[in-house]
Amino acid sequence: MKPKTMTKAAKAAFSHQPASNQMPIKKADYEALAAFRYTLRRFLRFSEEGAREVGLTPQQHQLMLAIKGQPGKEWASISELAHALQVTHHAAVRLVDRCEKAELAARGTDPNDRRQVRVTLTPKGEELLARLSYRNRRELQSLRQVLQLNFLNDVSNPE
């Protein structure tokens, strides 16, 4: 799934303008970034393998988490899902279609706006997501120390 757009920070990082107002990057910063990247990828692979072990694709798991993780509600619109997953609207629709077919999610009409579609988890989707989330939370807890980005403190407090 391809990201929609490059972030402002990424655009600035790749522009040809000199970074005269930025602190130089030290060797320790590169090491911390590399360790973080490795740990992040390790967690993502762990999560993807867990999804496959219960018969889901990693994308189905991500969609289910995006639905359940909506602040203050138990549903998501297709647009919100597309944004959360960083995919096109059409790709989000296709993924919801596959999750509906697998009885993981269901569509419904928003009672306040009949044009809006609400996507919710089914009981089967809720149960599988809970199992995966317990597993992933344990893994994140074991990686907590590595995920602390101490080098970020150095940027605000240069030596």
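The values are calculated or read from the model by the stated rules, or taken from the named source; none is laboratory data. Not measured: the values here are computed from a predicted model. As a convention, Cβ positions derive from the backbone with ideal geometry for all residues, glycine included, and neighbour counts pool all protein chains shown.
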Per the list (1) farther than 16 Å from Arg131 by Cα; (2) outside any loop (DSSP other than H, G, I, E, B); (3) modelled with pLDDT of 85 or more; (4) among the small types (Gly, Ala, Ser), residue check on Ala66 breaks on (1)
Scanning the range 130-153 for residues that are out of contact with any helix residue (DSSP H, G or I) (no Cβ under 7 Å at 6 or more places or on another chain) and not basic (Lys, Arg) gives Ala130, Ser133, Tyr134, Gln141, Ser142, Gln145, Gln148, Leu152, Asn153
Flagged in the range 69-86 as within 13 Å of Arg107 (Cα to Cα) and not in a helix (DSSP H, G or I), in numbering order, are Glu74, Trp75, Ala76, Ser77
- prompt: Would the range 88-101 turn up any residue that is buried (at least 17 other Cβ atoms within 10 Å of the Cβ), in contact with a helix residue (DSSP H, G or I) (Cβ under 8 Å, 6 or more places away or on another chain) and under 19 Å from Ser133 (Cα atoms)?
  reply: yes
Would a scan of the range 61-76 turn up a residue that is buried (at least 17 other Cβ atoms within 10 Å of the Cβ) and either of a type in the set (Phe, Trp, Tyr) or over 20 Å from Glu127 (Cβ atoms) (or both)? yes
Across the range 1-39, the tally of residues that are charged (D, E, K, R) and either at pLDDT below 70 or in contact with a strand residue (DSSP E or B) (Cβ under 8 Å, 6 or more places away or on another chain) (or both) stands at 4
Check: Restricting attention to the range 150-159, does a residue exist that is surrounded by 12 or more Cβ atoms within 10 Å (Cβ to Cβ), aromatic (Phe, Trp, Tyr) and either under 30 Å from Ala28 (Cα atoms) or modelled with pLDDT of 95 or more (or both)?
Finding: yes
Note on Arg42: of the conditions (1) in contact with a Leu (Cβ under 8 Å, 6 or more places away or on another chain); (2) at pLDDT 95 or above; (3) surrounded by fewer than 16 Cβ atoms within 10 Å (Cβ to Cβ), unmet is (2)
Would a scan of the range 87-94 turn up a residue that is at pLDDT 95 or above and not in a helix (DSSP H, G or I)?
-> yes
Within the range 112-129, is there a residue that is among the aliphatic types (A, V, I, L, M), under 18 Å from Arg52 (Cβ atoms), in contact with a helix residue (DSSP H, G or I) (Cβ under 8 Å, 6 or more places away or on another chain) and at pLDDT 95 or above? yes
